[in-house]
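Remarks on the structure that follows.
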Amino acid sequence: MTAVVYQNFIHGAFVANQSKETFPVVNPATDEVMYHVEVADEYIQKQAIGSAQQGFSKWSAMTPVERSRILNKAVYLLRERNDELAKVEVLDTGKPIQEADCVDIQTGADVIEYFAGLAPTQMGAQQPVGEDFFYTRQEPLGICAGIGAWNYPLQIACWKSGPALAAGNSLIFKPSEETPLGAIKLAEIFIEAGMPAGVFNVVQGAAKVGEWLSTHPDIEKVSFTGEVGTGKKVMQSAASNLKDVTMELGGKSPLIVFDDADISEAVSAAMLGNFYTQGEICTNCTRVYVHKNIYQEFLTELKTRTEQNIVAGDPLDPNVNLGALISKKHQQLVLDYIEQGKQEGATLLTGGHALKPESAPNGYFVAPTVFIDCSDEMTIVKEEIFGPVMSVLVFEDEDEVIARANDTELGLGAGVFSLNIQRAHRVIHQLKAGICWINSYGNSPAEMPVGGYQQSGIGRENGVETLNNYTQTKSVYVGMSKIDSPF
Ligand code: NAD
């Protein structure tokens, strides 16, 4: 059998590289190489920039309504191909089809649809200054770059391309080298929807290609999703030509459960915010603070539901709700964190080991894991693990738990469970986090801005303000009166 090799997608077509360098992509649920991908070498990189310049000229000259129509056609195609695309995501990421089928493609399409709708509403301002006046125009930036993580590959490509393209920019997107296929599928859909060639190019590769995008002088903005450490490197590279940046980085988010909370709802939130997508979600509430009065009751229900309701196995089986971690290396990293948790004195309530499900014996599975007897100084409580590992902590007092929840350099998400409406809002307002939930966890509709405080990020995705972040304001002063010149 000849191995499948995907090339870079440039100017509306697959283009062969010259170096012949490729990398393999492994199915996390089977440990088998599924296909290979050509690395974007210098030749491809040059083509990508030239094409993006041409794409930008055409696309930015179109009216927002014309752009909007094409983006909406792409939305239609994304939804029409939901099942096929969901399968692509399951094979690349290892996540369960029951998630990908109803979340990944749909939330991606929602965001493109949202920005397609917003594009024609974008207006400048006008203000008189004496007899003169000025007005402003929101103009696109030019060529933008998107660099994606592996946990929601197609969704991330949609979340970055939606606002960038709606505002009239062209985008060169680099998916994670672990999950390269979703972005290619999106590029094909854009072309089919009538988008001019070069508006959305996909380049493939790892850090080197990401560095090239972050430093290239013709790229005006880079929108990055990934780890905090990588984000810092991208920002440094972007400083070379003062690129605008959006940073969607990691988190170690708190969930605070007060003693007046609906305990079953809080357990649902804690499980969703730790085990959905096998724990590989940036906003996960991996520090669960439970009030001492309900601690035992909370743990009893959490343990029972974790042990009885989680089904690990072949992610293509619609009954499976816990998939495989992205790679063997990442599985080991998560297991190492679990070991460290034990060594530092935390107690396992459940899980704490690798899994070998019958339907996927070679996959990179880790059992849903809950640690109790945790303290704030433990490594598992401080560092992002990005796997199905929850730390439960006890608290007694509102001020105490706010201080503990805020004792982190990160600040992506936060949640509060309480039926006392004033307390819920009061506490949320004091938490240093950009994405907060009250009596809920994890929902992220297109209309709601998302992004981190502190080291969890810079800028926002989704929501009205993001469209402006892909434009620059041009002020035009118009003289109506005679120039008052001393010369
Ligand atoms: P990562 O930082 O390892 O990689 C992210 C991307 O950066 C990949 O495409 C990678 O190839 C590229 N890259 C690596 N080195 C680079 C460099 N020096 N210059 C430019 N690009 C480079 O992250 P990951 O492991 O793919 O993803 C997991 C991380 O992403 C977690 O920390 C998670 O919290 C975070 N994440 C955040 C959000 C958010 O919206 N805040 C969403 C999803 C994931």
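The values are calculated or read from the model by the stated rules, or taken from the named source; none is laboratory data. Values in this document were obtained by computation on a predicted structure and should not be read as measured data. FYI the Cβ positions are ideal-geometry reconstructions off the backbone, even for glycines, and counts take in every protein chain you see. Only protein heavy atoms, including side chains, enter the accessible area calculation; ligands, DNA and RNA are left aside. Shrake-Rupley method; radii C 1.70, N 1.55, O 1.52, S 1.80 Å.
Miscellaneous remarks
- Helices (runs of 4 or more DSSP H) fully within segment 383-487 counting 3 or more residues that are charged (D, E, K, R): 398-405
- Put simply, of 228, 234, 257, 245 the only residue that is closer than 26 Å to residue 408 by Cα and more than 15 Å from the ligand (Cβ to nearest atom) is 257.
- Positions within segment 214-224 being more than 7 Å from the ligand (Cβ to nearest atom) and in contact (Cβ under 8 Å) with a residue 60 or more places away in the chain, in sequence order: 216, 218, 219, 220, 221, 222, 223
- Within segment 162-205, the set of residues being within 14 Å of residue 223 (Cβ to Cβ), among the aliphatic types (A, V, I, L, M) and within 12 Å of the ligand (Cβ to nearest atom) comprises 183 only.
- Yes/no for residue 211 being in a loop (DSSP other than H, G, I, E, B), out of contact with any Lys or Arg (no Cβ under 7 Å at 6 or more places or on another chain) and surrounded by fewer than 24 Cβ atoms within 10 Å (Cβ to Cβ): no
- Any chance residue 402 is without any contact (Cβ under 8 Å) to a residue 24 or more places away in the chain and among the hydrophobic types (A, V, I, L, M, F, W, C): no
- Single unsatisfied condition, residue 6 versus (1) open to solvent by 20 Å² or more (accessible area, probe 1.4 Å); (2) over 24 Å from the mean Cα position of the chain (by Cα): (2)
- Test: residue in segment 288-301 that is open to solvent by 10 Å² or more (accessible area, probe 1.4 Å), in a strand (DSSP E or B) and farther than 30 Å from residue 469 by Cβ: yes
- First in segment 77-98 and open to solvent by less than 10 Å² (accessible area, probe 1.4 Å), second anywhere and basic (Lys, Arg) and assigned to a loop (DSSP other than H, G, I, E, B), Cβ under 9 Å, 6 or more apart: 89/95
- Counted residues, segment 372-382 - those being open to solvent by 30 Å² or more (accessible area, probe 1.4 Å) and assigned to a helix (DSSP H, G or I): 1
- Of the numbered criteria (1) within 27 Å of residue 378 (Cα to Cα); (2) more than 16 Å from the ligand (Cβ to nearest atom), the one residue 308 fails is (1).
- Residue satisfying condition, being within 14 Å of the ligand (Cβ to nearest atom) and among the acidic types (Asp, Glu), within set 396, 447, 383: 383
- Filtered residues of segment 241-260 (kept if of a type in the set (S, T, N, Q) and under 20 Å from the mean Cα position of the chain (by Cα)): 246, 253
- Of the residues screened, residue 345 is not one that is out of contact with any strand residue (DSSP E or B) (no Cβ under 7 Å at 6 or more places or on another chain) and within 17 Å of residue 95 (Cβ to Cβ).
- Of all the listed residues (130, 117, 108, 124), the sole one being open to solvent by less than 50 Å² (accessible area, probe 1.4 Å) and either farther than 30 Å from residue 217 by Cα or touching a Pro at 6+ places or on another chain (Cβ under 6 Å) (or both) is 117.
- Number of residues in segment 455-475 that are open to solvent by 60 Å² or more (accessible area, probe 1.4 Å) and within 12 Å of the ligand (Cβ to nearest atom) equals 2.
- Applying the criterion of being in contact with a Gly (Cβ under 6 Å, 6 or more places away or on another chain), under 18 Å from residue 466 (Cβ atoms) and among the hydrophobic types (A, V, I, L, M, F, W, C) to the residues of segment 217-255, the residue that is surrounded by the most Cβ atoms within 10 Å (Cβ to Cβ) is 224.
- Considering residues of segment 260-281 that are open to solvent by 20 Å² or more (accessible area, probe 1.4 Å) and among the acidic types (Asp, Glu) only, the residue farthest from the ligand (Cβ to nearest atom): 260
- Filtered residues of segment 30-60 (kept if among the acidic types (Asp, Glu) and surrounded by 14 or more Cβ atoms within 10 Å (Cβ to Cβ)): 31, 38, 41
- Matching residues in segment 339-371 - criterion: being among the aromatic types (Phe, Trp, Tyr) and either within 18 Å of residue 328 (Cα to Cα) or open to solvent by 70 Å² or more (accessible area, probe 1.4 Å) (or both): 364, 365
- Residue within segment 353-366 that is within 16 Å of the ligand (Cβ to nearest atom) and in a loop (DSSP other than H, G, I, E, B) present: yes
- Options 82, 8, 27: the member that is touching a strand residue (DSSP E or B) at 6+ places or on another chain (Cβ under 6 Å), polar (S, T, N, Q) and over 30 Å from residue 140 (Cα atoms): 27
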